[in-house]
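Peer 1: Pasting in a structure now, in structure tokens, and then I'll have a few things to ask.
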Amino acid sequence: MSRLVIVSNRVGIPDGSARAGGLEVAIRPALKKSGGVWFGWSGKVSDKAPKPATTVVKDDVSYVTVDLQKDDYEEFYNGFANRVLWPILHYRLDLAEFTRRDLGGYFRVNEFFAANLEKVLEPDDIIWVHDYHLMPLAQALRARGHKNKIGFFIHIPFPPPEILTALPNHERLIPALGNYDLVGFQTDTDANNFSRYLATEVGLKSVGQDCFDYDGRVTQVGVFPVGVETEAFAKLARRAVETPFVRDVFQSLSNRAMIIGVDRLDYSKGIPDRMNAFERFLMNFPDWHNNVTYLQITPRSRSDIQEYADIAKQVGEAVGRINGNFGEASWTPVRYINKAHSRTALAGLYRVSRVGLVTPLRDGMNLVAKEYVAAQDADDPGVLVLSRFAGAARECTAALLVNPYDQEGVATAIHRALSMSLEERRQRHAVNYRALMRNDLSQWAEHFLDTLAAPPQPMRMPVRASVRR
Ligand code: F6P
């Protein structure tokens, strides 16, 4: 059997020295099952000359990491990846700050990754590259002569060509994805957007279902929505409610209903809009005053980037305004916390919350939404209020789906969720839980890797310039 080599910007090194966020949740079970290599950035920034990669081995997995130089960190990570690609791929052209220097840094770090990765590669390794930081990595590896099967999965949204073409030098970057054998997306919409880009902007010909001819090689496009480990998370939540931490939080509510939001501090998560919607809810439904507590857990992220500092200020001000206007000596409507919490703590908090409020302005999938559903007590479940612009909305169809830009609508949905009958809550939860079970995380990696290993689909139709119907 071929060895699995995972490549991503962040690596979840098991000694706790580096974490990889939502991506880690998705990848970890696949590596646990098959073993292999996880290659990427150590999370360290150095101003000395580049050192050789460091390897940590644990449970059949080699974690191979490299440090980034200061310029690399600025131009590649803060610059092109997070000040250009992140906003554009989240449909926020207004926030993109393109410079040629950052673009150069982005390609340079992809070259640097390829140069270090090839030192550990074997000819029949299956390579699975993750996320927007590493779009040109396969091109860099192919240029070095590597013929391995290489797959790419993008965890975040992929916008239509009408938006993507506003990215300066998109014609250098996006077609480079054709060097992968398989390019995977969270939703049909994302995959269609990519196929449409290949057909209309690059003029690639379709050579079978969801397959394109790229310089004589076949690139396949697929949809692989990331799931969660549903039953394991449900079990964790059942146990977590008994921990002293969750008990303390629950007791501190004094019988008030809890609403929970958990997001990285990122403008794509729509936290200021959500605060405004909660404020609107308190204005429109005064019966809930003193009867509800909204807990928003928001670890800080990418703090070197101005837009992230701006969003931190906006959210802090909104929380202060709401608590100042509506709070009482014995009641704080919003509890706002920037500390990261363990999975166990979150699982328990989800289970004791009457409402899960997940309202990103745009999100590839959003695993908080799925974990909230998995954590509920099926006999007395809470209600998920979910943005229609999160990938999870395709599966959690029985959530209260909202438009996060419509604050009145979100306010009404919060009221509806808090007032919902037990019977309706059970019905909605059962539908969402079944959807999670149908697309459990255990099958996600297997499905992607089986598709990558299989020969591309045979030609089913005459060659034409667009494939996905
Ligand atoms: O896919 C988006 C993502 O890479 C997630 O894996 C992770 O939760 C988040 O972004 C981490 O961002 P950063 O590595 O910039 O802290």
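Peer 1: Find which of A166, A140, I126 sits farthest along the positive direction of the dipole of segment 123-187, computed with +1 on the beta-carbon of Lys and Arg, -1 on that of Asp and Glu, about the Cα centre.
Peer 2: Positive-end residue among those listed: A140.
Peer 1: Further question on the same structure: Can you list the lysines whose alpha carbon is less than 23 Å from that of K235, not counting same-chain residues fewer than 8 positions off?
Peer 2: Partners found: K32, K33, K370.
Peer 1: Just to confirm a number: summing +1 for Lys and Arg and -1 for Asp and Glu over residues other than A345 whose beta-carbon lies under 13 angstrom from that of A345, what do you get?
Peer 2: +2
Peer 1: Okay, next question. Given the DSSP H assignment, sum -39500 (n - 2.57) over each helix run of at least 4 residues in the chain and divide by its residue total; what's the result at 222 nm in deg cm²/dmol, nearest 500? Spell out each step's value before the answer.
Peer 2: Details: 16 runs with 177 residues, N = 469.
That comes out to -11500 deg cm²/dmol.
Peer 1: Right, next: Of the listed peptides 128-139, 350-361, what is their order by residue-averaged count of other C-beta atoms within 10 Å, with the highest listed first?
Peer 2: On the way: 128-139: 23.8, 350-361: 25.7.
The packing order, highest mean first, is 350-361, 128-139.
Peer 1: Here's another thing I want to ask about it. According to the square roots a ≥ b ≥ c of the eigenvalues of the Cα gyration tensor, what is the shape class of segment 291-411, taking rounded for a/c under 1.5, prolate for a/b larger than b/c otherwise, and oblate for the remainder? It would help to have the intermediate numbers written out before the result.
Peer 2: Numbers: a/c = 1.45, a/b = 1.20, b/c = 1.20.
Because its axes are fairly even, with a/c under 1.5, segment 291-411 counts as rounded.
Peer 1: Highest mean first, how do 368-379, 26-37 rank when packing is the count of other Cβ atoms within 10 Å averaged over residues?
Peer 2: With the highest mean Cβ count within 10 Å placed first, the list reads 368-379, 26-37.
Peer 1: For the chain, calculate the relative contact order in percent as a whole number, restricting contacts to Cα pairs under 8 Å that are 6 or more residues apart.
Peer 2: For the chain, the relative contact order is 15 percent.
Peer 1: Give me the angle, in degrees from 0 to 90, between the Cα long axis of helix 21-34 and the longest principal axis of the Cα atoms of the chain, rounded to the nearest 10.
Peer 2: Relative to the chain, helix 21-34 is tipped by roughly 60 degrees.
Peer 1: Give the relative contact order (percent, whole number) for segment 230-438; include only Cα pairs under 8 Å separated by 6+ residues.
Peer 2: Computed value for segment 230-438: 26 percent relative contact order.
Peer 1: Under the rule of at least 5 residues apart or a separate chain, name every residue whose amide H is placed under 5 Å from the amide H of S46.
Peer 2: L68, Q69, K70
Peer 1: Pull out a ≥ b ≥ c, the square roots of the eigenvalues of the alpha-carbon gyration tensor of segment 230-361, then state rounded if a/c is under 1.5, prolate if not and a/b is larger than b/c, and oblate in the remaining case.
Peer 2: oblate
Peer 1: Per residue of segment 326-343, what does 6.51 cos²θ - 1.76 cosθ + 1.60 with θ = phi - 60° give for ³J(HN,Hα)? Whole Hz please, x for Gly and Pro, Karplus curve as stated.
Peer 2: With the stated coefficients, segment 326-343 comes to 10, x, 10, 4, 9, 8, 10, x, 10, 9, 10, 10, 9, 7, 6, 10, 5, 4 Hz.
Peer 1: Give the long-range amide H neighbours of R144: residues separated by 5 or more places, or on another chain, with amide H under 5 Å away, using H modelled in the peptide plane at 1.01 Å from N.
Peer 2: Placed amide hydrogens put nothing under 5 Å from R144.
Peer 1: Here's something else I'd like to know. What's the local net charge at R10, with K and R +1, D and E -1, over the other residues with C-beta under 14 Å away?
Peer 2: +2
Peer 1: Considering only L117, T332, G35, whose Cα is most displaced toward the positive end of the charge dipole of the chain, charges sitting on Cβ of Lys, Arg (+1) and Asp, Glu (-1)?
Peer 2: Ranked along the dipole, the leading option is G35.
Read-outs throughout are calculated quantities, based only on the coordinates presented, and are distinct from any laboratory measurement. Keep in mind the model is a prediction, meaning the values are calculated, not measured. Neighbour counts are summed over all protein chains in view; Cβ atoms, including those assigned to glycine, are modelled from backbone coordinates with ideal geometry.
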